[in-house]
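Written below as structure tokens is the structure these notes are about.
Nothing in this text is a laboratory measurement; each read-out follows from the coordinates by a stated rule. Because the structure is a prediction, the values reported are computed rather than measured. Every residue, glycine among them, receives a Cβ derived from its backbone with ideal geometry; neighbour counts consider all protein chains shown.
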């Protein structure tokens, strides 16, 4: 094999080649390399030059998600029409379409840079006929009843609430929300319960050292009797999750830091706040103890 046509000379962009199809790529040495699928997507690929086979390798072609987005993807219903709001590079819809998990998607972006990145990702994946990239604010990119599932990820819980509130009319026909708040998850859970959604599933995932929460909701009536659940998530849904003790422990440590700072404060209000925090800390410790006993 000539050194100019080594495997490292081939740039394979995202997209899943189907059996019998060919993709032209140009190596840094300006050789025209044909990549031909020899089997099922993501299995073995043949590198050719001038009609001659130069080598065969195992390769994985297609979108690879971060652990966070991979967990989000697992909560998207099979066969859905997905609206990914704040799609950034459109990695989530591209991955789900490539995997045959969803029928089609709308990738919505407000800002020009991410909008162009999403267009490029979809175009290079060869999926423009199944994923439409639209520029607009939140759910304004959708028509009523257009999507059966909506994903909003990587934003503050307050921002997600604002998007859902402003586009409430666009949620007609939506059967599933997949939401990944960076902050204020308690506010998001309360909004869902106040607006006709029940929380069907909760997931936790650690990605690059950060613990993320993911909430899946569906139409329905639900209220938590225990207000603590709005802050930490439903204990019924999360009590067997291996990362739930880590989440509860982090909440206990956060309260401990606040209590440490309150030691310097005087007056009745500070005392009341200190007592409320101590009660919450005690409740969290009880939850943590029950999780460790299971």
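Between residue 283 and residue 194, the FRET efficiency estimated from the beta carbon spacing at R0 = 25 angstrom works out to 0.65.
In the frame of its principal axes, region 70-121 has Cα extents of 30, 18, 16 Å, reported largest first.
Fully extending the segment from residue 240 to residue 182 would add 18.6 nm, taking 0.36 nm per residue of separation and subtracting the current Cα-Cα distance.
Look at 197, 229 and count the other Cβ atoms within 10 Å of each Cβ; fewest to most, that gives 229, 197.
The alpha carbon convex hull volume per residue for region 96-179 rounds to 95 Å³.
Spacing of the modelled spin labels on residue 110 and residue 140, each 7 Å from Cα toward Cβ, amounts to 0.9 nm. Once R0 is set to 25 Å, what does the formula 1/(1 + (r/R0)^6) return for the Cβ-Cβ distance between residue 270 and residue 225, expressed as a FRET efficiency to the nearest 0.05? In this case the efficiency is close to 0.25.
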